[in-house]
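The values are calculated or read from the model by the stated rules, or taken from the named source; none is laboratory data. If you're wondering where the values come from, they're calculated on a predicted model, not measured in any experiment. A quick note on method: Cβ atoms are made from the backbone with ideal geometry, for glycine too, and the neighbour counts reach across all protein chains shown.
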Amino acid sequence: MKIWRHGLFGAVLAGGVWASLWQIVVTIALILTTGTGLTLQAGPAMLAGMAGGMIAILFRPVGRLLRHSAGIIVVALLIWGFTLGAPFDPDNLLQRWQSWTALAITATASWFSLSATIGEMLPVMQARYACEKFYLRLLWGLGLTMFVLIVSIPFYVMVMTSLTSQQSLLANPLDFSIDPSVGAAVLFRSYIELFTKYDFGTLLLNSAIVSVATVLITLIFSVPGAYAVAKLRFPGRKWLSGSVLLIYLIPAIILVIPLYAVFSQLGLRNSLLGLCIVYPATTIPVALYMLRGYFAGLPSELDDAGLMDGLSRLQIITRIAMPLSTPAIASVALYVFMIAWNEFLFAFMFLDDVKLFTLSRGIVSLNSSEVPRQHLMAGAVIATTPVLVLFLWFERFLVSGLTAGSVKG
């Protein structure tokens, strides 16, 4: 008997997996927000979730609100019972409202995750297609949850550390909670000192200049280059198209020493102009490769129509190809900006003047025993935020399909 295709087995499996996962997540959240050393009780939570999954698939009250309310209460009672009345705090280290709130969050998240996973599955043998959909939903949910946790937990620790005083960090390194009653001046002291004492405004300006210049130079060369490789016929076209990424076979550390010597002789080593020359040299190949595939997908009839109307190749690029390729150009620009914004090796080797440091170079200079740890975390937050904001803003370009309906027939 193929037990894995039975609906009851799937519900029990999903309930155990989700309850134990959310028990671990909420326990870690309690540790980070309260600084209290708690014991993980994933085993009892798993047993409670398995029982909850069995009940969820066997008994389904009529009405969505009634079903969800009853399910959350049942899961909460099961977790409370299997953990002997102490789901998170067997040593009574937390306040009562914290334990009850954590239990409510765990039960709610476990129930909705379980409900979304089993769907309308029945406690009988399921068809192979229905079973595959169930396991795909389970794996997709687990993958999405783990991805969100992997991204959010380090970012939360980084932000909370930047807002915590040195005395609090030394007193309890696990406590990443903040006290808003201390006032904004104390709470954001690390950020204020970065701009007043360590001149982070200049670092931001230098990084912005280098990154924007790199994007502009890269697009100026890669857009016509990608169009030529994708649309024109010339000797060596296939070889050029296939070898454009060969530069990435050479590690950057090998290029640093000769570039250091050459730039020193040319007087470009300790200057932002030197970085504006080096960065595009490393980003143009990948930008050309990314745009080539997009330009190749544009209908050739558009180029022929432009030539018949008397347009030159440059006018076809600027008036036809580029407007239709806005999503690709936007994604390439964002990718190149991220590379230039976060680049460290060349900035570390070429820049000696503190006033010319880029953001990544300046943050590394904070990593010393003389600088408080929260200042380093505040610098990391400042470096991450612009890229995050740009990504959210560029998303509307990345999801748009501007070539739809460009050719009729």
* **Unmet requirement for Leu298, which otherwise passes all of (1) of a type in the set (A, V, I, L, M, F, W, C); (2) at pLDDT below 85; (3) not in a loop (DSSP other than H, G, I, E, B)** => (3)
* Asked: Which one of these does Gln23 not meet: (1) touching a Leu at 6+ places or on another chain (Cβ under 6 Å); (2) crowded, with 22+ Cβ neighbours inside 10 Å?
  -> (1)
* Is at least one residue of region 69-77 over 19 Å from Ala116 (Cβ atoms) and either of a type outside the set (Ser, Thr, Tyr) or not assigned by TED's automatic domain parsing to the domain that holds Leu122 (or both)? -> yes
* To do: Only one of these is among the small types (Gly, Ala, Ser), outside the structural domain of Phe357 (by TED's automatic domain parsing) and not in a loop (DSSP other than H, G, I, E, B): Ala185, Ala228, Ala213. Name it.
  => Ala185
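Give Ser325, Ser312 a once-over and let me know the one that is surrounded by fewer than 20 Cβ atoms within 10 Å (Cβ to Cβ), assigned by TED's automatic domain parsing to the domain that holds Leu266 and not basic (Lys, Arg).
Only one candidate passes the filter, namely Ser312.
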* Asked: Say we look at region 76-106 and pick out the residues that are in contact (Cβ under 8 Å) with a residue 60 or more places away in the chain and assigned to a helix (DSSP H, G or I); which of these is farthest from Thr34 (Cα to Cα)?
  -> Ile79
* **Residue within region 121-132 that is touching a residue at least 60 places away in the same chain (Cβ under 8 Å), among the polar types (S, T, N, Q) and in a helix (DSSP H, G or I) present** => no
* Name the residues in region 163-182 that are surrounded by 12 or more Cβ atoms within 10 Å (Cβ to Cβ), part of a helix (DSSP H, G or I) and either touching a His at 6+ places or on another chain (Cβ under 8 Å) or free of Cβ contacts under 8 Å to residues at least 60 places away in the same chain (or both), would you? -> Ser168, Val182
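So which residues in region 231-286 are among the aromatic types (Phe, Trp, Tyr) and outside any loop (DSSP other than H, G, I, E, B)? Walk me through how you get there before you give the answer.
First pass over region 231-286, keeping only residues among the aromatic types (Phe, Trp, Tyr): 234, 239, 248, 260, 263, 279.
Trp239, Tyr248, Tyr260, Phe263, Tyr279, listed by residue number.
So that you can scan it fast, the table gives a plain yes or no per residue for (1) in contact with a helix residue (DSSP H, G or I) (Cβ under 9 Å, 6 or more places away or on another chain); (2) under 17 Å from Ile339 (Cα atoms):
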site: Val229; (1), (2): yes, no
site: Leu232; (1), (2): yes, no
site: Pro235; (1), (2): no, no
site: Ile253; (1), (2): yes, yes
site: Ala261; (1), (2): no, no
site: Leu272; (1), (2): yes, yes
site: Thr283; (1), (2): yes, yes
site: Leu288; (1), (2): yes, yes
site: Gly306; (1), (2): yes, no
